[in-house]
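Peer 1: Quick one: the structure is below, and I'll ask about it shortly.
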Amino acid sequence: MKYIAKSILFLIFILLITNCNTQKETQQILTVDTNKVHLEKYGFIADSLSEISGSINRNQTFSDILQDHNVPFRRILKIAKKAKDTFDVRKIRLNKNYQLFVENDSTEAVKYFVYEKDPVNYVVFDIADTINVYEFKKEVKIREKVVTGYIREGSSLFLSLEEKNNDPELAIALSEVFAWQINFFGIQKGDFFKAVYEEKFVDGKAVGIGRILSAQFNHWGEDYFAFLFEQDGKEAYFDENGKSLQKQFLKSPLKFSRISSGFSYSRLHPILKVRRAHTGIDYAAPMGTPVKAVGDGTVIHRKYSGAAGRYIKVKHNATYTSGYMHLSRYAKGISVGSRVRQGQIIGYVGSSGRSTGPHLDFRFWRGGTPINYLRMKFPPTHPVKSEYEERYSAIMYNWMDKLARIELLDKNYDVIALNLKHKSK
């Protein structure tokens, strides 16, 4: 009996120790997980604090917000001065979100102020004791998705995506990928596209798109392909033959507009009502639409020029020159002698000079002779290098196969977005 009693006591002792250790381990794990959750939010622990959320109102300042929560004005000046190298508090913008973390008591003293620059990037003002200001990025998760669509009668790439609630950035990204191959002012009913792209998520919510990984655009019955590939540490788009999609010149100086008048040596002038040469292309677009340089070059003309209105002329090389007329204003930093890069904004659509409404009159010269820019075909800038050809071919054929297997919903001209299992390497 004594032996049995001792055995029972020993078992009870072991169980008590085991249970005690288990409770300690469980408590430690819960503490770590709790801290981790709070630390991942904005980089600080907020367990004992209350959170107050808001958004910037019209004419509201950084000082207004903190003063409304009893932060002394002198303290605010010190905070603004400390923040200067990280973030200028004068640059807070209308409708941007912010959070205040305050003491969970009657004082409600402000300990942290968090300003949301965008869904990913935040500025954290730690003002509890010693002032500390730092930038914080939320974790961004990437999902690969597919989008397909047909262009309907009177529609456009932008509208075909917008109708199905796709991110407008997707239309912009696709137009930029094919900017050198396709004139998006001339797309027609029956044109179609397929693309594999990245969508960004923060806290489970979509916050924008990332890279276009591969795409196919069928325009006027001809297929154009784009595959993202990295060589020498730089990503660029190449076609099925390994040629760069980037050309010496863009297809158009504007995005998402329409051609209201083409190149002609005998056009009825809309104001003078006489026939005369119009050796340019008119793009109808809303006032203030950004105008881009179609290629690298040097500004050789920037001034008001009678019927042409505000006018910029860019010399690209010994052969080619481009002109941009009827601007409402010039982009900041653009003057005679300025070097501009392809795609750089140099001005904005207007109706200055002799004009019936907002539009861009775009001109292009070869050797001083005006030419029809829409008929020009420019060679690509650089192909896939020989040392990367084998790797590129493997990646390209993989994407070609996947694009071929993506179905188009041609009957309803639908647009779909699906998660892909494949991840590109």
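Any read-out appearing in this document is the output of simple, stated calculations on the displayed coordinates, not a laboratory observation. The structure presented is a predicted model; accordingly, all values stated were derived computationally and were not measured. All Cβ positions, glycine included, derive from the backbone under ideal geometry; neighbour counts span all protein chains shown.
Peer 1: Given a Förster distance of 41 Å, report the FRET efficiency between SER50 and MET376 from their Cβ-Cβ distance, rounded to the nearest 0.05.
Peer 2: 0.05
Peer 1: For the ranges 82-94, 137-149, 338-350, what's the packing order if you count other beta-carbon atoms within 10 Å of each residue, average per peptide, and put the highest first?
Peer 2: Ranked by mean Cβ neighbours within 10 Å, highest first: 338-350, 137-149, 82-94.
Peer 1: Filter the cross-link list LYS117/LYS205; LYS292/LYS332; LYS96/LYS194 down to pairs whose alpha-carbon distance in this structure exceeds 23 Å.
Peer 2: Going by Cα-Cα distance, LYS96/LYS194 fall outside the 23 Å limit.
Peer 1: Next up: Which of rounded, prolate, oblate describes segment 178-247, given a ≥ b ≥ c as roots of the alpha-carbon gyration tensor eigenvalues and a/c under 1.5 marking rounded, otherwise prolate only if a/b is larger than b/c?
Peer 2: It comes out oblate by the Cα gyration axes.
Peer 1: From the backbone phi of segment 159-176, what are the Karplus-calculated ³J(HN,Hα) couplings (6.51 cos²θ - 1.76 cosθ + 1.60, θ = phi - 60°) in whole Hz, Gly and Pro given as x?
Peer 2: 5, 5, 7, 5, 4, 10, 6, 7, 4, x, 4, 5, 5, 5, 4, 5, 5, 6
Peer 1: Between rounded, prolate and oblate, where does segment 146-224 land on the alpha carbon gyration tensor, with a ≥ b ≥ c its root eigenvalues, rounded for a/c under 1.5, else prolate if a/b exceeds b/c?
Peer 2: prolate
Peer 1: Here's another thing I want to ask about it. Cα gyration tensor of segment 53-129, axes a ≥ b ≥ c as square roots of the eigenvalues: rounded (a/c below 1.5), prolate (a/b > b/c) or oblate?
Peer 2: Verdict is rounded for segment 53-129.
Peer 1: At most 11 other Cβ atoms within 10 Å and a DSSP loop assignment: could you name the chymotrypsin sites (Phe, Trp or Tyr not before Pro) in segment 145-247 that fit?
Peer 2: Those that pass, being in a loop and sparsely packed, are TRP220.
Peer 1: Cα-Cα over 24 Å: which of LYS84/LYS111; LYS189/LYS251; LYS91/LYS251?
Peer 2: Long pairs (Cα-Cα over 24 Å): LYS91/LYS251.
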